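Visitor: Dropping the structure in here first, questions after.
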Amino acid sequence: MKAVIQRVSSARVTVEGETVGEIGVGTVVLLAVEQGDSERDADWLAKKIAELRMFSDENDKMNLSLQDVGGSILAISQFTLAGNCTKGRRPSFVAAAPPDEGKRLYEYFVARTVETGIPVATGVFQADMKVSLTNDGPVTFILESPGKP
């Protein structure tokens with residue numbers, strides 16, 4: 001699994017002009033499920049994101065986690081993170097999991113994240129979504145579950 005996580009002061013996602021998910025302070029998680037990914041990958045990412053110290057403490061050091069600041073997550077499925085752009089001009093998405101498996105593991109990731117006590121808002125799987133956010137910092141990280149090349 002691959003995830004791009006951005007520390008935000010606020011974020012929302014709309015589908016066909018209607019807001020379907022919205023958060024205040026927290027992180028936006030853009031998540032791609034790839035072929036061969038499993039619940040183990042989702043477990044690792046959920047724990048890592050919940051505990052990652054990416055929020056500033058009173059000394060302006062990144063020492064606080066989402067759990068520490070009472071933040072939320074806006075989780076967005078984004079299969080294009082599995083795209084390979086090394087050859088030609090058109091990305092290849094052969095590494096992306098099939099839609100049924102992608103949706104299953106995306107929903108599993110969301111459920112595991114909720115179990116950490118962090119509120120989670122979501123987009124709509126396979127929908128044309130518009131994501132608006134205010135990146136705080138900016139702070140952005142790319143995470144890949146262990147075992148990926």
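Visitor: Could you say which residue among Val8, Val15 is surrounded by 15 or more Cβ atoms within 10 Å (Cβ to Cβ), touching a residue at least 40 places away in the same chain (Cβ under 8 Å) and not small (Gly, Ala, Ser)?
Guide: Just a single option satisfies the conditions, and that option is Val8.
Visitor: Evaluate the range 110-130: report whether one residue or more is among the acidic types (Asp, Glu), without any contact (Cβ under 8 Å) to a residue 40 or more places away in the chain and either under 23 Å from Arg40 (Cβ atoms) or loosely packed, with under 14 Cβ neighbours inside 10 Å (or both).
Guide: No, the range 110-130 contains no residue that is among the acidic types (Asp, Glu), without any contact (Cβ under 8 Å) to a residue 40 or more places away in the chain and either under 23 Å from Arg40 (Cβ atoms) or loosely packed, with under 14 Cβ neighbours inside 10 Å (or both).
Visitor: Might you check whether a residue that is crowded, with 16+ Cβ neighbours inside 10 Å, over 13 Å from Ala3 (Cα atoms) and in contact (Cβ under 8 Å) with a residue 60 or more places away in the chain occurs anywhere in the range 58-66?
Guide: No, the range 58-66 contains no residue that is crowded, with 16+ Cβ neighbours inside 10 Å, over 13 Å from Ala3 (Cα atoms) and in contact (Cβ under 8 Å) with a residue 60 or more places away in the chain.
Condition check ((1) touching an Asp or Glu at 6+ places or on another chain (Cβ under 9 Å); (2) at pLDDT 95 or above; (3) part of a loop (DSSP other than H, G, I, E, B)) across all residues:
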residue	(1), (2), (3)
Ile73	no, yes, no
Gly102	yes, yes, no
Ile118	no, yes, yes
Ala121	yes, yes, no
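Visitor: Would you mention how many residues in the range 77-100 are in a helix (DSSP H, G or I) and either exposed (fewer than 15 other Cβ atoms within 10 Å of the Cβ) or in contact with a helix residue (DSSP H, G or I) (Cβ under 7 Å, 6 or more places away or on another chain) (or both)?
Guide: Of the residues in that region, 4 qualify.
Visitor: Also, I was wondering about something else. For the range 1-56, name all the residues that are under 15 Å from Pro119 (Cβ atoms) and not β-branched (Val, Ile, Thr).
Guide: Ser10, Ala11, Arg12, Gly21, Glu22, Gly24, Gly26, Ala46, Ala50
Visitor: Of the residues Gln78, Gln67, only one is under 22 Å from Ile23 (Cβ atoms) and over 15 Å from the mean Cα position of the chain (by Cα); which?
Guide: None of the others qualify; the one that does is Gln67.
Visitor: Return the residues of the range 31-53 that are buried (at least 22 other Cβ atoms within 10 Å of the Cβ) and not in a helix (DSSP H, G or I); say none if nothing qualifies.
Guide: Those that are buried (at least 22 other Cβ atoms within 10 Å of the Cβ) and not in a helix (DSSP H, G or I): Leu31, Ala32, Val33, Glu34, Asp37.
The values are calculated or read from the model by the stated rules, or taken from the named source; none is laboratory data. This is a predicted model, so every value here is computed, not measured. Cβ atoms come from the backbone with ideal geometry, glycine included; neighbour counts cover every protein chain shown.
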